[in-house]
Structure formats: structure tokens, C-alpha cells
Amino acid sequence: PYGLAVDVTDAGSVEEAFDRIHRDEGRLDGVVAGAGIVEDDVAAETMSSAQFSGVLAVNLVGVFHTLTSAGRRMLEQGSGSCVAISSMSGNHTVNTPQRQCAYKDNNDI
């Protein structure tokens, strides 16, 4: 058991991590995609496109990279489990009154 630093926004970084796990362990039986970040307390009307894209790059694209990379290996070996964990902030459980538009539904923006 060990930890690896991975940039989930970079498909190559994710691939390298799973390559190392496969080399070291011989197989991949499960993965949990639970990376997540939030933007600072920035109102939607003042948030930059770069800030918004940064949140989506980790929270959405990073999960995609993780699950597709792991899933390919699991398909090749014939078994495995993938779990994606989402944030409760998607339904404004946590982020009221914080202004986190990347997490809010259309009724809250």
C-alpha cells in the first residue's frame, strides 16, 4: 500500500499512476474517484472563465480520466469496480450562503 501524487486534470498523469500500480501490484481491483475542489467565495457574475474551468477540470474531467483509465484496465483483466463520489454541495446542502456557482443548480444562480 502506498500513495501516489496524481494530477487528475492530466490524462497522462492518471495513466502513469495506473501503469505504476499495475507494474507494482499486477492488477487493479477497484478505484474510487473522489477528487474535488471548490472555487473561492466568488459570485457567478465576477467569476472568471479560468476559475470555473479549473473547478470543472478537477471535479468533472478528473473523474472521467480516473474512471476511464481504471476501467480500461479492469476490462482487460475481466473484473474490477469503479466508484464515483459526488459532492453534497450539488444540492446546496453545504454552500448556502457561500457563492459557489460551479456547484449550484440553475435555481440558485
note = Scalar couplings 3J(HN,Hα) for region 7-24 by Karplus 6.51 cos²θ - 1.76 cosθ + 1.60 (θ = phi - 60°), nearest whole Hz, x for Gly and Pro, are 8, 5, 7, 10, 4, x, 5, 5, 4, 4, 5, 5, 4, 5, 4, 5, 4, 6
request  = Grab the other residues whose beta carbon is less than 13 angstrom from that of residue 80, score K and R as +1, D and E as -1, and report the net.
outcome  = 0
task = Would you please put 12-18, 37-43, 78-84 in order of how densely packed they are, using the mean number of other Cβ atoms within 10 angstrom per residue and starting with the highest?
result = 12-18, 37-43, 78-84
request  = Using a Förster distance of 30 angstrom, determine the FRET efficiency expected from the C-beta separation of residue 56 and residue 81, and round it to 0.05.
outcome  = 0.75
At 0.692 mPa s and 37 °C, Stokes diffusion of region 1-88 via Kirkwood alpha-carbon radius, µm² per second = 232 µm²/s
query = Which sequence of 65, 22 reflects their accessible areas, 1.4 Å probe, from the largest down?
reply = 22, 65
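For region 1-93, what is the relative contact order in percent, using Cα pairs closer than 8 Å and at least 6 residues apart in sequence?
39 percent.
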Residue-span extension gain [residue 4 to residue 19] - 0.36 nm each, minus C-alpha spacing = 4.2 nm
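Given a 1.4 angstrom probe, what's the average accessible area per residue across region 1-80, in square angstrom? Each step should come with its number before you reach the end.
Working: 4810 Å² over 80 residues.
Ligands and nucleic acids excluded, the result is 60 Å² per residue.
The values are calculated or read from the model by the stated rules, or taken from the named source; none is laboratory data. Not measured: the values here are computed from a predicted model. Cβ sites come from the backbone with ideal geometry, for glycine too, and all protein chains shown count toward neighbours. Calculation scope for accessible area: heavy atoms of the full protein, side chains included, ligands and nucleic acids excluded. Shrake-Rupley method; radii C 1.70, N 1.55, O 1.52, S 1.80 Å.
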